[in-house]
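Trainee: Okay, handing you the structure first.
The values are calculated or read from the model by the stated rules, or taken from the named source; none is laboratory data. In this text the structure is predicted, and so the values were computed from the model without any measurement. These area figures cover heavy atoms from the full protein model, side chains too; ligands, DNA and RNA do not enter into them. Shrake-Rupley method; radii C 1.70, N 1.55, O 1.52, S 1.80 Å.
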Amino acid sequence: MRGQRAAAGTPRYIRDEDVRVRHWRREQFYRLGFSNSDARTLANSGADLTAVRALIAKGCDAATAYRIVT
């Protein structure tokens, strides 16, 4: 459910888990050097966190990595 809002009939525990995952992803992208806004956008998208980590580890700057994965 990444990047999607839970439907009104979705059980609360699923909605809560979705929110926790998105917050965790946003924090991970932020720690990699993305702005808060870009981190939020990446967290809510289907961007592959592992691929982004690999790009950053190989010396790719955050702005270029953002353009590659979006």
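Trainee: Can you tell me which of Ala54, Ala62 is open to solvent by 40 Å² or more (accessible area, probe 1.4 Å) and not acidic (Asp, Glu)? If you could, list the steps in order and put the result at the bottom.
Mentor: Numbers: Ala62 fails: open to solvent by 40 Å² or more (accessible area, probe 1.4 Å).
None of the other options fit; the residue is Ala54.
Trainee: Here is a further query. If you take the residues in region 33-60 that are part of a helix (DSSP H, G or I) and charged (D, E, K, R), which one is nearest to Val19 (Cα to Cα)? Write out each step before concluding.
Mentor: Restricting attention to region 33-60, the residues satisfying the condition of being part of a helix (DSSP H, G or I) are 36-44, 49-57.
From what is left, the residues that are charged (D, E, K, R) are 38, 40, 53.
Values: Asp38: 17, Arg40: 12, Arg53: 22 Å.
Here the answer is Arg40.
Trainee: Here is a follow-up. Could you check region 16-31 and list, in sequence order, the residues that are within 11 Å of the chain's Cα centre (by Cα), open to solvent by less than 70 Å² (accessible area, probe 1.4 Å) and among the hydrophobic types (A, V, I, L, M, F, W, C)?
Mentor: Once the filter is applied, which keeps residues that are within 11 Å of the chain's Cα centre (by Cα), open to solvent by less than 70 Å² (accessible area, probe 1.4 Å) and among the hydrophobic types (A, V, I, L, M, F, W, C), region 16-31 yields Val21, Phe29.
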